[in-house]
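Since the structure comes first, as structure tokens, the remarks are kept for the end.
No value in this document is a laboratory result; all are computed from the given coordinates. All of these numbers come straight from a predicted model, not from anything done at the bench. Cβ: placed from backbone, ideal geometry, glycine included. Neighbour counts: every protein chain shown.
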Amino acid sequence: MASQDEGGKLYLTKIWKCKSPDCKAWVREEFATEAQKCPMCKGDMLRTMKHLPALVKKVKSKPR
Ligand SMILES: [Zn+2]
């Protein structure tokens, strides 16, 4: 799966990744707690890096 998003730039982002090789769960460090546990298998997580699109803060557009 190496599809290119249109104009989507990827940035090396700090994440927490599940230690289990069978589990693909991960969270952005931004959203992780100090003792982050895997949301899927409740296992330990590792700090790592991943290329992700820039995080766009969702702003609710005001209805006109
Ligand atoms: Zn896991």
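For Arg47, the shell of other residues with beta-carbons less than 13 Å away shows a net charge of +1, using +1 for Lys and Arg and -1 for Asp and Glu. Under the convention that each Lys and Arg Cβ holds +1 and each Asp and Glu Cβ holds -1, the size of the dipole of the range 22-63 around its Cα centre is about 360 debye.
At R0 = 25 Å, how high is the FRET efficiency between Ser61 and Leu10 if r is their beta carbon distance? Nearest 0.05 is fine. It comes to 0.45.
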